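The values are calculated or read from the model by the stated rules, or taken from the named source; none is laboratory data. Please read these numbers as outputs of a predicted model, since none were measured by experiment. Note: ideal-geometry Cβ built from the backbone for every residue, glycine included; neighbour counts use all protein chains shown.
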Amino acid sequence: MLRITRQTDIGIVVLTLIAGRPAEEFHAARDLSNRSGISAPMVSKILKQLSRGGLVESIRGAHGGYRLTRPAADITVGEIIEALEGRIGMTSCVVEPGSCEIEGACPTQVNWGRISAAVRTALDRVPLTEMIGPRSPVSPARRERRLIPLAG
């Protein structure tokens, strides 16, 4: 199973909290922690990484905090994942060429590169603004599965 880390999931939640407010507003890590229910140390750690990744800027002082460096519609899920986890790739040879001992003879390397590029393209098509939106409605098929009583 492919998954993002818990830290990245939390990072996206924190960014949606920032993005859901006026762009000029700064957000203290403690306030974001209180609003999200995520520990203050974790929120601070993630915000520092997002700052290093160029997605948020920080201002010190009584009225300081963090805000997005550009509109939420211009920040993609792919960028967020890359800021928190590093380059996106399905295999190590895609992310770090030369890291695999069979790289030169591997019959799957080119296709893993194509798959990695497709995943990144899909992630870059989802802006942060879409992550803020309301929950997706439950599909009729999922709703029906929930209504089926368990045998027993």
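How do the pairs read when you match residues in the stretch 104-130 that are under 30 Å from Arg67 (Cβ atoms) and among the acidic types (Asp, Glu) with residues anywhere that are at pLDDT 95 or above and not in a helix (DSSP H, G or I), using Cβ under 9 Å and keeping only pairs 6 or more apart or on different chains?
Qualifying pairs under 9 Å: Asp124/Thr76.
Would you be able to say whether some residue in the stretch 63-75 is in contact with a helix residue (DSSP H, G or I) (Cβ under 6 Å, 6 or more places away or on another chain) and more than 20 Å from Gln7 (Cα to Cα)?
Yes, that holds for at least one residue.
Where the second residue is surrounded by fewer than 20 Cβ atoms within 10 Å (Cβ to Cβ) and part of a strand (DSSP E or B) and the first is on the phi > 0 side of the Ramachandran plot and lies in the stretch 65-85, which pairs have Cβ atoms under 8 Å and are six or more apart or on separate chains?
These pairs meet every condition: Gly65/Ser58; Gly65/Ile59.
Can you tell me which residue is farthest from the chain's Cα centre (by Cα) among those in the stretch 40-80 that are within 29 Å of Val119 (Cβ to Cβ) and polar (S, T, N, Q)?
The extreme case among them is Thr69.
In the stretch 40-80, how many residues are assigned to a loop (DSSP other than H, G, I, E, B) and either modelled with pLDDT of 95 or more or surrounded by 15 or more Cβ atoms within 10 Å (Cβ to Cβ) (or both)?
Step one: of the stretch 40-80, the residues assigned to a loop (DSSP other than H, G, I, E, B) are 53-55, 60-64, 69-71, 75.
Narrowing the set further to residues that are either modelled with pLDDT of 95 or more or surrounded by 15 or more Cβ atoms within 10 Å (Cβ to Cβ) (or both) leaves 53-55, 69-71, 75.
Total meeting the criteria: 7.
Taking the stated definitions as given, is Ser92 modelled with pLDDT under 90, of a type in the set (Ser, Thr, Tyr) and closer than 21 Å to Thr8 by Cα? Break it down into steps so the answer makes sense when it comes.
Numbers: modelled with pLDDT under 90: yes; of a type in the set (Ser, Thr, Tyr): yes; closer than 21 Å to Thr8 by Cα: yes.
When the stated conditions are applied, Ser92 passes them.
Of everything in the stretch 1-39, what is polar (S, T, N, Q), farther than 21 Å from Gly89 by Cα and part of a loop (DSSP other than H, G, I, E, B)? Give them in sequence order. Walk me through it before giving the result.
Step one: list which residues in the stretch 1-39 are polar (S, T, N, Q), which gives 5, 7-8, 16, 33-34, 36, 39.
Still in the list and also farther than 21 Å from Gly89 by Cα: 16, 33-34, 36, 39.
Selection gives Ser39 alone.
For Arg21, all conditions in the list (1) of a type outside the set (Asp, Glu); (2) under 19 Å from Arg120 (Cβ atoms); (3) at pLDDT below 95 hold save one; what is the number of the exception?
(2)
For the stretch 139-148, check the following and say yes or no: at least one residue is within 30 Å of Leu55 (Cα to Cα), outside any loop (DSSP other than H, G, I, E, B) and modelled with pLDDT under 95. Outline the logic, then answer.
Filtering the stretch 139-148 for residues within 30 Å of Leu55 (Cα to Cα) gives none.
No, that holds for no residue.
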